[in-house]
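The values are calculated or read from the model by the stated rules, or taken from the named source; none is laboratory data. The shown structure was predicted, so the numbers you read here are calculated from the model rather than taken from an experiment. Positions of Cβ are backbone-derived with ideal geometry, glycine not excepted, and every protein chain shown enters the neighbour counts. All accessible areas refer to the heavy atoms of the entire protein, side chains included, with ligands and DNA or RNA removed. Shrake-Rupley method; radii C 1.70, N 1.55, O 1.52, S 1.80 Å.
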Amino acid sequence: ARRRVVRTCGVVLFECDGHVVTMTCVMERLRRQLMEFEVLGAMYPEEESTDSRFVVDTPVTEVDALNAAVSKWEDHGGEVPTEAEVSRLPNLRASLTLRVPDDDNGGTVRLTISLPHTYPNSAPPSLQLSSSKLTRKSQSLILVALEKFATTLTSDLDEHGSECLMELARTLEERSAAAAAAEREEEEKNKKNATDDDRDATIAVLRIDHMNDSKTYVKTLQKWCTALGLGARVFWSTRKGAKSGKKWTSEDDDKTVAMENQSSKNETATKNTQPPVGRVENVFVILHGESESVSEFLKRTRVEFVDIDGKGNKCKERNAVVLCRRSIEVAKKGEDVVPVFSGFECEQFDGSNEKLELILKRFNLLHVGTGDARWKA
């Protein structure tokens, strides 16, 4: 928040993001924030016997400093702190973890909270949401609902606003339970409607280090897919980019979401782009079809001549790794199943890890491979 302290006619004023208030208002808001955190801590204590808990993320020394500033203001008849003291006041931050009330182990949801200095009068809390089981779509819908609800209870209410964290906790519990039930119902519906062929369908992700004669190599792959009845999506680049041994972190997840939003606005059409004559690298093949057909495809990459070596002699594939192979019905927690696709399509990407993440996320295969083996060639 942008803050500026000024004096007008001897009265100390505090300007924050365009709102000008007296120092007394600032201290009153801070007292309300501390009291609300204290109540939530009592409602959701940190106990090993339960998954629900409220944890203050602001360092203890900073919380003590805030309490000391409020105590000084109360003990001295409303005496406000100095300008320097006010400028150093930190924002209160906390996280609320709740067990999703669901008959089938709905997991947990975690709401990260940051209170601006103008809360609760003229600004709602800043919120982030994560979940151990709910899909990203459900998390996004719940977060939007919580943000709108928080706004109606704070900046949209009146000049005094209202504390809203307890109401947000109740709403989060209700909406996460409803989302878990809806996801479970959808999963059961999909299983009931699945045909025997669907249940036998397999997804595989194959990484090919390079293709020296890419045009012939891709034509061979396409011929195999047609004969075996497989759907395939081939992604290739003209330079190295996806690094070996890359470990996945939450920062990568946030970066991928940002990249995805930007890509949907600016990405040029590169779908169904056959590779040029010559060498391409970092080739990823996503296969969909019957399990036996996928096995036969993978076998052929090892036993048949598909490429040429540096001397122009025909060679078999020796640098391919299967990153993932599983039933199409199987999905990791919090992820949707892989969408069904058919036909054979090629698409160029720039070889970077970020672009590759977008591709895998599009097919709900973002987390193929783990740890050091994730990009191992």
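I'm trying to understand the selection: among the residues of the range 53-66, which are assigned to a helix (DSSP H, G or I) and either loosely packed, with under 13 Cβ neighbours inside 10 Å or within 26 Å of the chain's Cα centre (by Cα) (or both)? Give the steps one after another, and end with the answer.
First, pick out the residues of the range 53-66 that are assigned to a helix (DSSP H, G or I): 60-66.
Within the range 53-66, 60, 61, 64 meet the criteria.
Go through (1) farther than 17 Å from residue 210 by Cβ; (2) modelled with pLDDT of 80 or more; (3) outside any helix (DSSP H, G or I) and name the single condition residue 365 misses.
It fails just one condition, (2).
Taking the range 295-331 as the search range and keeping residues that are part of a helix (DSSP H, G or I) and surrounded by fewer than 15 Cβ atoms within 10 Å (Cβ to Cβ), which one is modelled with the lowest pLDDT?
Residues of the range 295-331 part of a helix (DSSP H, G or I): 295-303.
Next, only the ones that are surrounded by fewer than 15 Cβ atoms within 10 Å (Cβ to Cβ) stay: 295, 299, 302-303.
Numbers: 295: 92, 299: 92, 302: 88, 303: 91.
Result: 302.
Note down all Cβ pairs under 7 Å where the first residue falls in the range 24-45 and is within 16 Å of residue 89 (Cα to Cα), the second is assigned to a helix (DSSP H, G or I) and open to solvent by 60 Å² or more (accessible area, probe 1.4 Å), and they're at least six residues apart or on different chains.
34/67
Inspect all residues belonging to the range 348-356 and state whether any of them is part of a strand (DSSP E or B), closer than 21 Å to residue 211 by Cα, at pLDDT 90 or above and touching a strand residue (DSSP E or B) at 6+ places or on another chain (Cβ under 7 Å).
Looking only at the range 348-356, we keep the residues that are part of a strand (DSSP E or B), and these are 348.
So of that shortlist, the ones also closer than 21 Å to residue 211 by Cα come out as 348.
Narrowing the set further to residues that are at pLDDT 90 or above leaves none.
So far as the range 348-356 goes, no, none of its residues is part of a strand (DSSP E or B), closer than 21 Å to residue 211 by Cα, at pLDDT 90 or above and touching a strand residue (DSSP E or B) at 6+ places or on another chain (Cβ under 7 Å).
Quick check on my filter: what residues within the range 48-61 are in contact with a strand residue (DSSP E or B) (Cβ under 9 Å, 6 or more places away or on another chain) and either at pLDDT below 90 or among the hydroxyl-bearing types (Ser, Thr, Tyr) (or both)?
50, 51, 52, 58
Taking the range 33-52 on its own, how many of its residues are among the charged types (D, E, K, R), under 15 Å from residue 166 (Cβ atoms) and open to solvent by 60 Å² or more (accessible area, probe 1.4 Å)? Give the steps one after another, and end with the answer.
Just the residues of the range 33-52 that are among the charged types (D, E, K, R), to begin with: 36, 38, 46-48, 51.
Subsequent filtering for residues that are under 15 Å from residue 166 (Cβ atoms) retains 36, 38.
Still in the list and also open to solvent by 60 Å² or more (accessible area, probe 1.4 Å): 38.
Looking only at that region, the number is 1.
Return the residue satisfying two criteria in turn: it lies in the range 93-107 and is open to solvent by 30 Å² or more (accessible area, probe 1.4 Å) and not charged (D, E, K, R), and of such residues it is modelled with the highest pLDDT. Show your work before the answer.
To start, the set of residues in the range 93-107 that are open to solvent by 30 Å² or more (accessible area, probe 1.4 Å) comprises 93, 99, 101-105.
If we keep only those that are not charged (D, E, K, R) too, we end up with 101, 105.
Values: 101: 76, 105: 67.
Filtering first and then ranking leaves 101.
Per-residue answers, yes or no, for (1) assigned to a strand (DSSP E or B); (2) modelled with pLDDT under 90:
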| residue | (1), (2) |
| --- | --- |
| 6 | yes, yes |
| 12 | yes, yes |
| 15 | yes, yes |
| 24 | no, yes |
| 27 | no, yes |
| 34 | no, no |
| 42 | no, no |
| 46 | no, yes |
